[in-house]
Amino acid sequence: MARPYILARDLEITYNAGKSNEFKALTGANTDIYKGEYIILFGPSGSGKSTLMYAVMGSLPPSGGSLLIGGDDIYAYETERRTYYQRNVMGIIYQQFNLIPSLIVRDNVALPQIFAGIDKKTRDRRAQAILDRFGVGMVADKIPAMLSGGQQQRVSVSRSMVNDPEILLADEPTGNLDSISTEQVMNKIREINHEGKTIMMVSHNAAHLPEAHRVFYIRDGKIVRMVVNPQRKQIKKVEEGETLVTELEQLARLYPYDSLEMLRVRSIRNYITQDFNFDQLERLSAFIERLVLGKMSRSQFIHLLAQKYSDGGIGVNKIEAKNMATRIQKILDASQDIRKFRSGRNLDLAFIYQHKFLKRIERHLLKEFGIKLSVNQRTNLEDALLNRLSGAITDDELIQSFSVSGKLGGVGLHIKTAYKVASYFEKLLAQGVSHEHVGGEV
Ligand code: ADP
């Protein structure tokens, strides 16, 4: 893979160095950006986003660490080369457009070419062509004040691109625009990125995040979090350690109203219950679905579970895979019974049927958990199961009935066992719900 195009290591930028108002705006930023990437810098106001961009632009020399662009230290360039870099490698657009008010639009756009020594006719032709391309060719002879905000920003996009730079820096380019103009400008920036240009954009608008390959969250002068957008084909190879962040993003999509803390809890829960990451869980769900629907055999299921993740599997060991298949099968078999029971409960023979059914479920549970009970305890267990099955008690009350002593009408299981058996029974119930019962009692 190619080298990073923009590489910052422990980058520090200090304003007013050595003075009483000295301020360190970047306190050790690390990043690597590849050619063609669309990067959004996201973070609270004053966190150092613009500072990072202006450092890349060649206007703020590092006070510590290093910054390389295309492998070069641009701050070591001779003046002439640095100027060339700023005019031809770099294009920038600002929130305030920064057009020259006394010049007509075409001259504003042609301006950067004057320094490049291009003759007036060619300059004007190029300026007009690029204005046409960005949909503002018809206002070329007007002064900026006569244009709407959206038009002015598209003029400034045209100006930034007139020398065909490699990198486009955009400092909150839509901060002053209405929603329609915002969309037009964002579309143009997307287009520029699709042509292979590298984009670094500061934005406060979360709706823009899906545009980017990666989003850098900046806080207190550091890049504290980097999020890969799973919807865009990545240019930079995604590292292993970055999956947790991606998982959070995916969880956030599934649970859009959860706080970050809650998402973290979910992530940890996934981790300790399964030791699987989000992608593995997703894949597992798909496999289970096929197994349950009879579209996949037990041996195919085990084979897929045991296959390496990179080969389309989950990557658990074979014994674990068999174990999982067995547990799923047990749940499915037992829940089959529940399903039958539920659909047949209005028959005249319901009472006898129910009794047999409860005995079967009871035997299954006792065997599954290796539990031995007295006759009295068994009767209480059957009562509790029936109560839960009919919806007379909640899942918590079921645990209670399991753990309360036999004398008090319970089953007298240790609380941990009570919890395990009750959770397992809930799984059976969930699987045993047939479609006509969904939305009704459970
Ligand atoms: P952001 O773009 O995230 O809003 P900036 O990079 O503009 O943040 O600013 C980061 C910090 O540096 C802020 O606290 C700001 O006040 C300070 N700062 C920015 N420019 C200057 C400057 N020219 N002189 C002194 N401090 C500055």
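Observations on the model:
- Point-to-point label distance, R9-E289, nm (Cα→Cβ direction, 7 Å offset): 4.6
- In a simple Cβ point-charge model (Lys, Arg +1; Asp, Glu -1; nothing else charged), the range 6-238 has a dipole of about 300 debye relative to its Cα centre.
- Modelled spin-label separation between S66 and S405, with each label point placed 7 Å from Cα along the Cα-to-Cβ direction: 7.5 nm.
- The range 6-238: C-alpha gyration tensor shape, a/c 1.5 cut-off, then a/b vs b/c: prolate
- Ranked by the mean number of other Cβ atoms within 10 Å of their residues, highest first, the peptides 179-188, 369-378 fall in the order 179-188, 369-378.
- Cα gyration tensor category, rounded, prolate or oblate, for the range 138-219 with a/c compared to 1.5: oblate
- Applying the criteria of a DSSP loop state and at most 12 other Cβ atoms within 10 Å to the trypsin sites (Lys or Arg not before Pro) of the range 296-340 yields K308.
- Cα gyration tensor shape of the range 4-85, rounded if a/c is under 1.5, else prolate or oblate by comparing a/b with b/c: oblate
- Only one residue of S102, G71, Y38 has its Cα farthest out toward the positive end of the dipole of the range 33-126, where Lys and Arg carry +1 and Asp and Glu -1 on Cβ, and that residue is S102.
- For M146, M90, order by how many other beta-carbon atoms lie within 10 Å, fewest first: M146, M90
- Entries of K295/K322; K35/K188; K35/K308; K35/K121 with Cα pairs more than 27 Å apart: K35/K308; K35/K121
- With a simple spin-label model that places each label point 7 Å from the Cα along the Cα-to-Cβ direction, the separation between K427 and S179 comes to 4.6 nm.
Computed from the coordinates by the stated procedures, all read-outs in this text should not be read as laboratory data. Model, not experiment: these values are computed from the prediction. Note that each Cβ is placed from the backbone with ideal geometry, even for glycine, and that neighbours are counted across all protein chains shown.
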